[in-house]
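The values are calculated or read from the model by the stated rules, or taken from the named source; none is laboratory data. Nothing here was measured: the structure is a model prediction, and the numbers come from that model. Cβ: placed from backbone, ideal geometry, glycine included. Neighbour counts: every protein chain shown. Quick note on the areas: whole protein, heavy atoms, side chains included, nothing else; ligands and nucleic acids left out. Shrake-Rupley method; radii C 1.70, N 1.55, O 1.52, S 1.80 Å.
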Amino acid sequence: MPTALITGITGQDGLYLAELLLAKGYDVHGVIRGQSNPRRELVERLVPDVRLHNVDLTDLSSLMRAMRDSEPDEVYNLGAVSFVAYSWENAFVTSDVTGLGVLNMLEAVRLHAGNDPASVRFYQASSSEMFGKVQEVPQNERTLLWPRSPYGVSKVYGHHMTINYRESYGMHASSGILFNHESPRRGEEFVTRKVSKGVAAIKLGRQDEIVMGNLDARRDWGFAGDYVEAMWLMLQQPEADDYVIATGETHSIEEMLSVAFGHVGISDWRPYVRQDAAFVRPAEVDHLVGDASKARRVLGWKPTVGFEELITGMVDADVAALEAGWR
């Protein structure tokens, strides 16, 4: 039975990845920060077979303890301060966790592996936000990185540090440059979930409007459940490498609103949406769309859930949750 250690297990990716690995027969361990973490109960309910370790990505000693106690064959580093808008409010914490946290994790894996640095396979969750002020469309593994937020800058640091550890120490360390991926488990602060929950609440008469920022921004949106399979596939390859994971399609926020409202029978969504400059980024990323041809060719990976299916599924899940009295 292979063993995996997942940081960031409380997020949507961590939960989907844990379910995938458990289904494949893995012994799964998860990293969680603090005994009183409000999402601990969610993890214990959805993936009760995962063994949890109290760890802080900024504390190398606690990471070393988690490595010793879990003895993993694979490590998936998904932990980060991942809400881009927050990174402008607290660039230091974002840099410490999302950037230096990767270095701490790589060092913990290297020290634990000892004389056989490739014996523990490592996955780093890189991000399309690294492309920022995009230099070509679509973006691939060779596209120049030009981040436009403290979050994106931190992800670039972690991405290059992962490459450095692979080249310096011979570690089996891969990065997945994942474009936007969503699900009903997405945090409510993210725009997709803000829309799906808002539309559900409007349908049920519990909310009058959704307050939004830039409606013209375009993103390449896929389903998180598809994307965690790509993570696993990367660590099954004989050689470590970096891969863009994306659908290759781009959609605007306006398109998302149209699909979500149309799904609940509202053809004209504009009376229900109010724009507020407070939700506009200081430096916007306008046109992210990924070229995942390398992942298709080498990993045999491709997305299975399309944009409309993703958004309508999220709306249905939020309608059901609100009707059941969940938050």
Count of residues meeting criterion [within 19 Å of the chain's Cα centre (by Cα) and either of a type outside the set (A, V, I, L, M) or in a helix (DSSP H, G or I) (or both)] in the stretch 39-57: 6
Condition check for residue 111: without any contact (Cβ under 8 Å) to a residue 60 or more places away in the chain, over 24 Å from residue 189 (Cβ atoms) and open to solvent by 50 Å² or more (accessible area, probe 1.4 Å): yes
Residue 228, sole failed condition from (1) out of contact with any strand residue (DSSP E or B) (no Cβ under 8 Å at 6 or more places or on another chain); (2) closer than 30 Å to residue 118 by Cβ; (3) in contact (Cβ under 8 Å) with a residue 60 or more places away in the chain; (4) open to solvent by 30 Å² or more (accessible area, probe 1.4 Å): (4)
Checking residue 4 against (1) touching a His at 6+ places or on another chain (Cβ under 9 Å); (2) free of Cβ contacts under 8 Å to residues at least 60 places away in the same chain, the condition it does not meet: (2)
Failed item, numbered, when residue 111 is tested on (1) assigned to a loop (DSSP other than H, G, I, E, B); (2) modelled with pLDDT of 95 or more: (1)
Flag for residue 207 being surrounded by fewer than 20 Cβ atoms within 10 Å (Cβ to Cβ), under 23 Å from residue 160 (Cβ atoms) and of a type outside the set (Val, Ile, Thr): no
Among the candidates 148, 166, 142, 185, residue that is farther than 17 Å from residue 242 by Cα, modelled with pLDDT of 95 or more and outside any strand (DSSP E or B): 185
Matching entry among 30, 8 (being within 18 Å of residue 176 (Cβ to Cβ), buried (at least 17 other Cβ atoms within 10 Å of the Cβ) and not basic (Lys, Arg)): 8
Filter result (more than 24 Å from residue 85 (Cβ to Cβ) and of a type in the set (Gly, Ala, Ser)) within the stretch 231-280: 240, 248, 262, 265, 267
Boolean, residue 51 is modelled with pLDDT of 95 or more, within 25 Å of residue 224 (Cα to Cα) and either open to solvent by 50 Å² or more (accessible area, probe 1.4 Å) or among the polar types (S, T, N, Q) (or both): yes
Qualifying residue in the stretch 263-272 (condition: modelled with pLDDT under 95 and out of contact with any Ser or Thr (no Cβ under 6 Å at 6 or more places or on another chain)): no
Some residue of the stretch 114-131 being part of a strand (DSSP E or B), touching a residue at least 12 places away in the same chain (Cβ under 8 Å) and either at positive phi or open to solvent by 40 Å² or more (accessible area, probe 1.4 Å) (or both): yes
Close pairs (6 angstrom Cβ cut-off, 6 or more residues apart or separate chains): within 30 Å of residue 199 (Cα to Cα) in the stretch 293-314, surrounded by fewer than 16 Cβ atoms within 10 Å (Cβ to Cβ) anywhere: 302/296
The stretch 82-94, subset open to solvent by 30 Å² or more (accessible area, probe 1.4 Å), aliphatic (A, V, I, L, M) and touching a residue at least 40 places away in the same chain (Cβ under 8 Å), residue nearest to residue 55 (Cα to Cα): 91
Single match in 97, 75, 153, 134 (criterion: β-branched (Val, Ile, Thr) and assigned to a loop (DSSP other than H, G, I, E, B)): 134
Considering residues of the stretch 233-261 that are in contact with a Lys or Arg (Cβ under 9 Å, 6 or more places away or on another chain) and without any contact (Cβ under 8 Å) to a residue 60 or more places away in the chain only, the residue least open to solvent (accessible area, probe 1.4 Å): 252
Of all residues making up the stretch 271-324, the number that are farther than 18 Å from residue 215 by Cβ and part of a loop (DSSP other than H, G, I, E, B): 10
Test result for residue 46, farther than 22 Å from residue 73 by Cβ and at pLDDT below 95: no
